[in-house]
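Asker: What follows is a single structure, and I will ask about it in a moment.
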Amino acid sequence: MNCTICKGVIAWPDIQGRTHFVCDGRVPTAKPVTPFGQAMQISQAVADAKWTPAQQRQVDAAIDACAREIGYFTADDVWAKLGQHFPVTKGLAGRLNAAVRRRTIVNTGAVRHANRGGQHDHAQRLTVWAAA
C-alpha cells in the first residue's frame, strides 16, 4: 500500500492507515538516522516481527530482572533468564534499548565477549548494562 500523501510504500498499513505518520503530521519529522540508529530500528523491527507481544514482555521482564538481581549484565544473562527454548532473534538489542528509554538500564560503555555457548555464540562483543 502506498501513502496517499508522499506515494511511498507503507510498511505497516494495519497500524499506519493510508498515510505515513510523518506525512499526515501525527508525528513530527525526525532527525536523520545515524547508521547505529538505523541498526537499532532494524533490531526492533525484527523483535516486532519474530516475537509476539507476550514474548516481548517476557524479554522486558528478563531485562528488568537482570538489572535488579545482577546489577551489571550482558545479553548472555538475559538469554539465560529466558531459557534455551525461547525463540532466538536479533531483536534483543531493540528491547535493551527500549529499556534504556524506559530508564530501567544504562549502557556502561564496557564490553565483554559472549560466552553463551551453542550455535548462537560467535564470541561477539556484548555491551555491559547496569541498573539505572
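The values are calculated or read from the model by the stated rules, or taken from the named source; none is laboratory data. Keep in mind that what you see is a predicted model, and the values were worked out from it rather than measured. All Cβ positions, glycine included, derive from the backbone under ideal geometry; neighbour counts span all protein chains shown.
Asker: Run down V78, V111 and say which single residue is in contact (Cβ under 8 Å) with a residue 12 or more places away in the chain, surrounded by fewer than 18 Cβ atoms within 10 Å (Cβ to Cβ), more than 29 Å from A11 (Cα to Cα) and touching a Leu at 6+ places or on another chain (Cβ under 8 Å).
Answerer: Criteria check complete, one pass: V111.
Asker: State whether the residues of region 115-128 include one that is surrounded by 11 or more Cβ atoms within 10 Å (Cβ to Cβ), within 11 Å of D76 (Cα to Cα) and at pLDDT 95 or above.
Answerer: Checked against the condition, which is being surrounded by 11 or more Cβ atoms within 10 Å (Cβ to Cβ), within 11 Å of D76 (Cα to Cα) and at pLDDT 95 or above, region 115-128 yields at least one hit.
Asker: Another one. Could you please give the count of residues in region 14-58 that are touching a Lys or Arg at 6+ places or on another chain (Cβ under 7 Å) and either modelled with pLDDT of 80 or more or not in a helix (DSSP H, G or I) (or both)?
Answerer: 1
Asker: Does region 59-102 hold any residues that are over 24 Å from A49 (Cα atoms) and not in a helix (DSSP H, G or I), and which are they?
Answerer: I70, G71, Y72, F73
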